[in-house]
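The values are calculated or read from the model by the stated rules, or taken from the named source; none is laboratory data. The shown structure was predicted, so the numbers you read here are calculated from the model rather than taken from an experiment. As a convention, Cβ positions derive from the backbone with ideal geometry for all residues, glycine included, and neighbour counts pool all protein chains shown. All accessible areas refer to the heavy atoms of the entire protein, side chains included, with ligands and DNA or RNA removed. Shrake-Rupley method; radii C 1.70, N 1.55, O 1.52, S 1.80 Å.
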Protein chains: 4
Amino acid sequence: MDTINPAERLDLVAELFDEGMAFDKVIGLKVDRYDPTGAQLSFRGKPELIGNPIHKILHGGVIATALDVAGAAVTFAAALARMPAMPESELREKLARMSTIDLRVDYLRPGRGDVFTVTSHIIRTGSKVAVARMELHNEDGTHIAFGTGTYMVG
Amino acid sequence: MDTINPAERLDLVAELFDEGMAFDKVIGLKVDRYDPTGAQLSFRGKPELIGNPIHKILHGGVIATALDVAGAAVTFAAALARMPAMPESELREKLARMSTIDLRVDYLRPGRGDVFTVTSHIIRTGSKVAVARMELHNEDGTHIAFGTGTYMVG
Amino acid sequence: MDTINPAERLDLVAELFDEGMAFDKVIGLKVDRYDPTGAQLSFRGKPELIGNPIHKILHGGVIATALDVAGAAVTFAAALARMPAMPESELREKLARMSTIDLRVDYLRPGRGDVFTVTSHIIRTGSKVAVARMELHNEDGTHIAFGTGTYMVG
Amino acid sequence: MDTINPAERLDLVAELFDEGMAFDKVIGLKVDRYDPTGAQLSFRGKPELIGNPIHKILHGGVIATALDVAGAAVTFAAALARMPAMPESELREKLARMSTIDLRVDYLRPGRGDVFTVTSHIIRTGSKVAVARMELHNEDGTHIAFGTGTYMVG
């Protein structure tokens, strides 16, 4: 009955994050790699993403967005991977109901740079709720922000 | 020496939030009103702000951005209002150094609607650090998200 | 089959919070009143609860404890109230599995006073996860701390 | 004028955390080691610290307390180490004014064990505000909780 294998399940999440979310495209977020244990996304600095016109640094909302998406990518992928066999349409429905419950962002240093990379890993896993930690760095390895997100996954 | 009065100080903040932040314009955030005790901003729903393509709801990052800006607006305005007389250039410099330390967002209900309003008020005030609470509602009064932000203001 | 009525269900929660939790007794937490929409607990200041020996103020951990318990009380009570008829033993088991997922505490003012009151209400409700907001005041009405807690309830 | 050297400054913090805080003694928190870059504290499980009478696990408030103290220890020590020469009485006054601004706790697994160890390190440093991350493990290395704390240090 389940016509898609685990790798294809991951593709469903990649499709959602790469193509489906309009606001991810505004920011220019690209999924570099991810699997049920971790994800990495990146985006390029550009004028529309600036929050502080004097210091030319990323808007805090851009940072929050990137962290939230990275946490969702890994927790949603892990949840899909754990589900029993079911038709793709049912998997898509389940994916569509997954959402962020709460998010904490710690802003550590000004968001300066040309290419920003956000990584995530799961710290609490479960059939209903999962928690991820996320980090944002620039191309020099400067650590710009930490995030912690709690996600509804079942 | 201080050539600007309290109302003009508020205008500095309004200018920063209405005109200065490129990413605020991407979202379409408008300052409706604010003073040192509270702020209200609003924005219209539009296709670029969608996070869930199936349910057509706001991206969590859009919500985080709106909450962060509303918290910054009220805490920055309150901090400027408390400062002693100083030249406008010095005030602008101080404003440019204010920033978010950390932000928590609680997502309560799906972000459906045409017009979204975000309000904020101060819960902890100080010469260095201030904390604000924020709420996001749609045009029907549905409460979509809560936020709590800690800001460096001196 | 379900031999206990809604009021008796609430008594299960009251019993857990008043009698069952050893650490609540260390702090001296008493349930003043609660129902599925809100809870109020209180405790008296005493030397063991001091965190800052110079200023004689409550330890931040005491405040976090009181806020967490108040949030758990209201979310657990609301979740029990929504459950279908089932034997008391099953209800007790479900209650024993409810737990805090995450907690944020905002410390607003020094914890000075003789009697501290903590109130809570639900801001997000669901069959699996609920979110509550909590406040701590002293006998003069001074607002000492805010809390936000996310709880696993099903 | 400053009659105490850096090592003695650290002793001031150790004294505060080991002897000064009444509530730390209730929990039985001992400072194992700390310096301006990291701290480790530990405490033994005992009946008074239980939060869930059925599962015999630590109260969430005990976990929050241990995480908060570990974060305060490292951020206060780092802040004292950076201060210019000043009389000990002035240093003590500054230490007494340091406090937690906000705390987030992520509860990952049930708090089972005999000996619990909490570690902390600084993720954001500054002359006014510092942010630390903390972890709680039991004697088997099971990771029980994460914490993030924002502290006023100047």
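Between copies, the label points of B:Lys128, set 7 Å from Cα on the Cα→Cβ line, lie 0.8, 4.2, 4.2 nm apart, reported in increasing order to one decimal in nanometres.
Distances between copies of C:Ile54, taken at a point 7 Å out from Cα along the Cα→Cβ vector and listed shortest first: 3.3, 4.7, 5.7 nm.
Accessible surface for the stretch B:3-152, divided over its residues, is 37 Å² per residue with a 1.4 Å probe. In plain terms, if you count all Cα to Cα distances in chain D and split them into 10 Å steps from zero, the share in each step is 12, 42, 31, 12, 3, 0 percent. When both the stretch C:89-106 and the stretch D:97-135 are represented by their alpha-carbon centers, they are found 22 Å apart.
Each Cα pair under 8 Å and six or more residues apart adds its separation to the average, and for the stretch C:3-152 the resulting relative contact order is 25 percent.
Distances from B:Met86 to itself in the other copies, using label points 7 Å out along the Cα-Cβ axis, amount to 2.0, 5.7, 6.0 nm in increasing order.
Extending 7 Å from the Cα toward the beta-carbon at both A:Thr37 and B:Arg97 defines two label points whose distance is 4.5 nm.
What list of ³J(HN,Hα) couplings, whole Hz, do you get for the stretch B:123-131 from phi and the Karplus terms 6.51, -1.76, 1.60, once you set θ to phi - 60° and write x for glycine and proline? Result, ordered by residue: 10, 9, 10, x, 7, 10, 10, 9, 10 Hz. Cross-link pairs exceeding 18 Å in C-alpha to C-alpha distance, out of D:Lys30/D:Lys128; A:Lys25/B:Lys46; C:Lys25/D:Lys46, comprise D:Lys30/D:Lys128. Shown is the FRET efficiency for C:Asp11 and A:His121, computed with R0 = 30 Å from the Cβ-Cβ distance and rounded to the nearest 0.05: 0.10. Peptide C:51-57 has a mean of 6 when you count, residue by residue, the C-beta atoms of other protein chains within 10 Å of its C-beta. Look at the stretch C:63-71: the mean tally of other chain Cβ atoms within 10 Å of its residues' Cβ atoms is 5.
On the stretch C:1-89, 57 percent of the accessible area sits on carbon and sulfur atoms, based on a 1.4 Å probe. Counted by Cβ distance under 13 Å from D:Thr150, the other residues give a net charge of +4, where Lys and Arg count +1 and Asp and Glu count -1.
The stretch C:1-70 and the stretch A:1-53 have Cα centres spaced 43 Å apart. Among complete DSSP H helices in chain C, those whose alpha-carbon atoms stretch at least 18 Å along the helix's long axis and whose mean Kyte-Doolittle hydropathy reaches 1.0 are C:60-82. Inter-chain neighbour count for C:85-96: the average number of beta-carbon atoms from partner chains within 10 Å of each residue's beta-carbon is 1.
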